[in-house]
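Chemist: Below: one structure in structure tokens.
The values are calculated or read from the model by the stated rules, or taken from the named source; none is laboratory data. Bear in mind that the values here come from a model prediction, so they are computed numbers and not experimental data. Cβ placement follows ideal geometry from the backbone for every residue including glycine, while neighbour counts extend to all protein chains displayed.
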Amino acid sequence: MKKLRTTFFLCFFSTVLLAQTFDMTLQQPQYSDAIGYGYDVMAAPPKGSQKPFFFSVKVPDGNYHVTVTLGSSKRKAQTVVRAESRRLLLEQTTTDKGKFKTYTFVVNKRSPIIDGNTNVVLKPREKDYLDWDNRLTFEFNGPTPAVKTIDIRPDTTAVTIFLCGNSTVVDQAKEPWASWGQMIPRWFDASIAISNHAESGLSATSFINQRRLDKVVSMMRPGDYVLCEFGHNDQKEHRFGDGAYYNFAHSLKIFIDRIRAAKGIIIFVTPTQRRLFNKDSHRILETHGDYPAAMREVARRECVPIIELHEMTRTFFETLGEEDSKRALVYYAAGTFPGQMKALADNTHFNAFGAYEVAKMVVMGMKQLGLPIVSALRKDWHDFLPTAPDSWQRFTWYPTPVYDTMKPDGN
């Protein structure tokens, strides 16, 4: 008789870690901490269901090498794979009846715990996020998803790219919001993990004060990367000492010193533009004050590589134009999503298409800097120019069945 789960132990540096394989053709339980694995977020799908589903496994913090075998012996399947809060790992892949395809990823899992005495200071809304719980969660979406097996084992060799930032970077937990940080895992192979610590509404200073930088440093290993995008919310702080060239620059210097002390590689990312057009020139107006310039100045002084996302998103919006640029942001008529009573018109926060495009810009920024990690881009990567964006009409996104029409902090 087949087992629901196969487990065995791996030994690394005298540490015993558990590897697990799940046969998804067999009945699996609903998740509970006592069992340690099972269907999660929604009720277990009925036998033969072709609807999206979630599957979670209780694991410690760290990186995990994940292998999924997709397909069904009974039907053709079309499957999308995401992890945690909607991190895109695999776009729609098709398997014919009786055919299977295998894919591998490295997925990062974290909790708020830094050490035995301190935790990250989470916002109330974060406490239910899949990103901060005690398990690794996978979302299998698409028109007709089908999964044969899931294999999870600890990974101690992957290079980790840590992301620090605000609502334009965070793994947005619910539709229709999205950010580039949750799209960028799509483009890296199984030698790279993405650990996204960004949160809506944060400035560089509040990120530090909430011990999020402490958490990043506690998880880092020499040679890991840290991408920092700030400036949106920093300009809204109105306290003594605030300002682009004072407190903001000082906070950026703290990031540099802490990350370099841990033998990490820090990269600055200038903030994404807001969609605000000059009615006469039809060009994007600058709304970030001195903050992008201050980040550039700190980067120059401290020899920090910098990705010019500020200018790339300006070009992107202007290329799309005043109307079509709305297609990259959360602009939706009332009733588009469950419980949406009013129209949404947000000129800051991206939808899935916009986040997907911005993630490509960040990757291009890495390539322009000549970072060694670009050697780990997946084989289907194609270089991207914001002057030639993808077609929003041809972009396909299968919504995660979890919605929230409340705007993220920091709008």
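Chemist: In region 297-315, what residues are in contact with a strand residue (DSSP E or B) (Cβ under 6 Å, 6 or more places away or on another chain) and farther than 20 Å from Ile184 by Cα?
Modeler: Matches in region 297-315: Ala299, Val304.
Chemist: If we keep just the residues of region 36-71 that are of a type in the set (S, T, N, Q) and touching a strand residue (DSSP E or B) at 6+ places or on another chain (Cβ under 7 Å), which is modelled with the lowest pLDDT?
Modeler: The residue in question is Gln50.
Chemist: Could you figure out which of (1) assigned by TED's automatic domain parsing to the domain that holds Gly231; (2) on the phi > 0 side of the Ramachandran plot isn't true of Gly142?
Modeler: Status for Gly142: all satisfied but (1).
Chemist: What pairs come out if I take residues in region 378-402 that are of a type in the set (Gly, Ala, Ser) and pair them with residues that are surrounded by 10 or more Cβ atoms within 10 Å (Cβ to Cβ) and modelled with pLDDT of 95 or more whose C-beta lies under 9 Å away, six or more apart or interchain?
Modeler: Ala388/Thr319
Chemist: Of the conditions (1) charged (D, E, K, R); (2) farther than 13 Å from Trp187 by Cβ; (3) out of contact with any strand residue (DSSP E or B) (no Cβ under 9 Å at 6 or more places or on another chain), Asp404 fails just one. Which one is it?
Modeler: Of the numbered conditions (1) charged (D, E, K, R); (2) farther than 13 Å from Trp187 by Cβ; (3) out of contact with any strand residue (DSSP E or B) (no Cβ under 9 Å at 6 or more places or on another chain), the odd one out for Asp404 is (3).
Chemist: Only one of (1) exposed (fewer than 13 other Cβ atoms within 10 Å of the Cβ); (2) out of contact with any Asp or Glu (no Cβ under 9 Å at 6 or more places or on another chain) is not met by Lys263, so which one is it?
Modeler: (2)
Chemist: Listed residues Lys360, Lys367; which is in contact (Cβ under 8 Å) with a residue 12 or more places away in the chain, under 24 Å from Thr104 (Cα atoms) and either out of contact with any Phe, Trp or Tyr (no Cβ under 8 Å at 6 or more places or on another chain) or among the β-branched types (Val, Ile, Thr) (or both)?
Modeler: Lys367
Chemist: Same structure again: Can you tell me which residue is farthest from Ala34 (Cα to Cα) among those in region 132-180 that are free of Cβ contacts under 8 Å to residues at least 40 places away in the same chain and not acidic (Asp, Glu)?
Modeler: Top of the filtered list is Thr157.
Chemist: If you check Ser375, Ser391, which single one turns out to be assigned to a loop (DSSP other than H, G, I, E, B), assigned by TED's automatic domain parsing to the domain that holds Met183 and among the small types (Gly, Ala, Ser)?
Modeler: None of the others qualify; the one that does is Ser391.
Chemist: Among the candidates Ala359, Ala294, single out the residue that is touching a helix residue (DSSP H, G or I) at 6+ places or on another chain (Cβ under 6 Å), of a type in the set (Gly, Ala, Ser) and under 25 Å from Thr137 (Cα atoms).
Modeler: Exactly one residue qualifies, and that residue is Ala359.
Chemist: While we're here: For region 234-260, enumerate the residues that are out of contact with any helix residue (DSSP H, G or I) (no Cβ under 8 Å at 6 or more places or on another chain) and under 28 Å from Gly370 (Cα atoms).
Modeler: Of everything in region 234-260, those that are out of contact with any helix residue (DSSP H, G or I) (no Cβ under 8 Å at 6 or more places or on another chain) and under 28 Å from Gly370 (Cα atoms) turn out to be His250, Asp257, Arg260.
Chemist: Listed residues Thr396, Thr387, Thr336; which is of a type outside the set (A, V, I, L, M, F, W, C), exposed (fewer than 12 other Cβ atoms within 10 Å of the Cβ) and more than 21 Å from Gln182 (Cα to Cα)?
Modeler: After applying the criteria, what remains is Thr387.
Chemist: Mind listing just one residue for me: the one in region 115-131 that is crowded, with 18+ Cβ neighbours inside 10 Å and hydrophobic (A, V, I, L, M, F, W, C) and, of those, nearest to Asp155 (Cα to Cα)?
Modeler: Leu130
Chemist: Those residues that are of a type outside the set (Ser, Thr, Tyr) and surrounded by fewer than 20 Cβ atoms within 10 Å (Cβ to Cβ), I need them from region 285-298; list them, please.
Modeler: Listed by number, the residues that qualify are Leu285, Glu286, Gly289, Asp290, Ala293, Arg296, Glu297.
Chemist: Let me ask something else. Looking at Lys360, Lys342, can you tell me which residue is basic (Lys, Arg) and under 22 Å from Pro185 (Cα atoms)?
Modeler: Residue meeting the stated conditions: Lys360.
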